[in-house]
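Engineer: Next up is a structure, given as structure tokens.
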Amino acid sequence: MGIDLDGLVGQMVDAGRTAASDIWGQIQGFAIPELKKIAVQIEALADPDSPWSKAEKKLLFKMQCDAAISVIVAMTSLTMLAVERAINAILAAVRGVINGAVGFALV
């Protein structure tokens, strides 16, 4: 199943505004590019011809999410826990799209 990258990023940004409303103003400038990177990673993982196993896909996805959290934390005065909660809430909001695209429960 193909994925609408722009649509996914838009959904993630919308979810971020809602789910992370208390910190969105502080993370928005750093979060949007990082969410785009996560979406690009999802697009690669959803490719039916990708060389990675499900376990490897889960690891690559986690690494991309961890990298996004680290960048946002490093560029703001927020704690890792606050940013991790925000990213997790954003991904939960688009769980169906992501899992449908990759064909298994990635999120």
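The values are calculated or read from the model by the stated rules, or taken from the named source; none is laboratory data. Remember, predicted model here, so these are calculated numbers, not experimental data. Here Cβ is always computed from backbone atoms with ideal geometry, including for glycine, and neighbour counts include all displayed protein chains. Only protein heavy atoms, including side chains, enter the accessible area calculation; ligands, DNA and RNA are left aside. Shrake-Rupley method; radii C 1.70, N 1.55, O 1.52, S 1.80 Å.
Engineer: Hey, among Lys62, Lys36, Lys58, Lys54, which residue is touching a helix residue (DSSP H, G or I) at 6+ places or on another chain (Cβ under 8 Å) and either closer than 15 Å to Asn88 by Cα or among the basic types (Lys, Arg) (or both)? I'd like the intermediate steps shown before the answer.
Structural biologist: Values: Lys62 fails: touching a helix residue (DSSP H, G or I) at 6+ places or on another chain (Cβ under 8 Å); Lys58 fails: touching a helix residue (DSSP H, G or I) at 6+ places or on another chain (Cβ under 8 Å); Lys54 fails: touching a helix residue (DSSP H, G or I) at 6+ places or on another chain (Cβ under 8 Å).
The unique qualifying residue is Lys36.
Engineer: On to the next question. Can you list residue pairs whose Cβ atoms sit under 6 Å apart, with the first residue in segment 63-92 being within 22 Å of Leu45 (Cα to Cα) and the second being open to solvent by 20 Å² or more (accessible area, probe 1.4 Å) and of a type in the set (Val, Ile, Thr)? Count only pairs 6 or more apart in sequence or on different chains.
Structural biologist: Pairs found: Leu91/Val107.
Engineer: If the Cβ limit is 9 Å and pairs must be 6+ apart or interchain, which residue in segment 9-35 that is under 15 Å from Met80 (Cα atoms) and among the β-branched types (Val, Ile, Thr) pairs with which residue that is in a loop (DSSP other than H, G, I, E, B) and open to solvent by less than 20 Å² (accessible area, probe 1.4 Å)?
Structural biologist: Ile27/Ala20
Engineer: Could you please give the count of residues in segment 55-106 that are open to solvent by 40 Å² or more (accessible area, probe 1.4 Å), over 18 Å from Ala31 (Cα atoms) and assigned to a loop (DSSP other than H, G, I, E, B)?
Structural biologist: 2
Engineer: Then there is this: Restricted to segment 12-26, and to residues that are within 20 Å of Ile98 (Cβ to Cβ) and open to solvent by less than 40 Å² (accessible area, probe 1.4 Å), which residue is nearest to the chain's Cα centre (by Cα)? Before you say what the answer is, go through the steps one by one.
Structural biologist: Taking segment 12-26 and keeping what is within 20 Å of Ile98 (Cβ to Cβ), we get 12-20.
Checking the rest, the ones that are also open to solvent by less than 40 Å² (accessible area, probe 1.4 Å) come to 12-13, 15-16, 20.
Values: Met12: 7, Val13: 10, Ala15: 11, Gly16: 10, Ala20: 13 Å.
Selected residue: Met12.
Engineer: Now, a different point. With the requirement that a residue be surrounded by 18 or more Cβ atoms within 10 Å (Cβ to Cβ) and farther than 12 Å from Ile69 by Cα, what does segment 27-41 give you?
Structural biologist: Ala39, Gln41
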